[in-house]
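Student: Got a structure for you, written out below as structure tokens; questions coming shortly.
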Amino acid sequence: ATPIQAALSGFTRGDTSVFGAIADVDRLRLENDQLRAQNEALTEANAQLQTVRTQDDQLAALLKVRSTLQHQTVAATVVGRGITSTERVMTIDRGTQAGLAVGDSVLGQGGALVGQIYDIGPDYSRVLLLSDSRLTVTGMTQSTRATGEVVGQLGSTLAMEDISATATVVPEDLVVTA
């Protein structure tokens, strides 16, 4: 091979390897985009599974509470909240069509009293939360069984009032609502 042929041959080999590298970069970019899309889809699917797991745990807890209650219960979802300086309310997605009525108690996880229905429609109920100062329920201290009225205080903790002057009350004692 003449020196010119050798030089041209080396040039075309380099040219071919440059074009090969460009093709490899394009292929890697495409593969990277596909992997990124697949990763996003898997991340979204994982988040949905976590949501389903949380809902499953909540339903299992509700069923456990329901089995201990002697009253008919209706599961509902909170669809709105009204927390202002003058009220503490929430809206649930069940109403008269589900057998609910004004004055019914609303329980949360573990069977804890959340509030009481004060306004109702066919497919919704507005619940006055226990922390609202307009709601008063009877309470009893766990250790001494002293009774009184549990009253909400906007922006603060609940208070137990109207306890008999002869009753013994232990600070930080748990209060059970009726």
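Student: How many nm separate the modelled label positions at residue 86 and residue 149, each set 7 Å beyond the Cα in the direction of the Cβ?
Tutor: 2.2
Student: If you don't mind, there's one more thing I want to ask. Could you sort 143-154, 87-98, 30-41 so that the peptide with the highest average Cβ count within 10 Å comes first and the rest follow in order?
Tutor: Most protected by this proxy first, the peptides run 87-98, 143-154, 30-41.
Student: Now for a separate question. Between residue 56 and residue 162, what FRET efficiency follows from the Cβ-Cβ distance if R0 is 45 Å, with the result rounded to 0.05?
Tutor: Once the sixth-power term is evaluated, E becomes 0.60.
Student: Something else: Suppose R0 equals 30 Å; then what is the FRET efficiency for residue 169 and residue 102 from their Cβ-Cβ distance, rounded to the nearest 0.05?
Tutor: 0.40
Student: So for region 67-144, averaging the separation of alpha carbon pairs under 8 Å that are six or more residues apart and normalising by length, what relative contact order in percent results?
Tutor: RCO, region 67-144: 24 percent.
Read the figures in this text as sums done on the coordinates, not as results from a lab. In this text, all values refer to a predicted model and were calculated from it rather than measured experimentally. Virtual Cβ from ideal backbone geometry, glycine too; neighbours counted across all protein chains shown.
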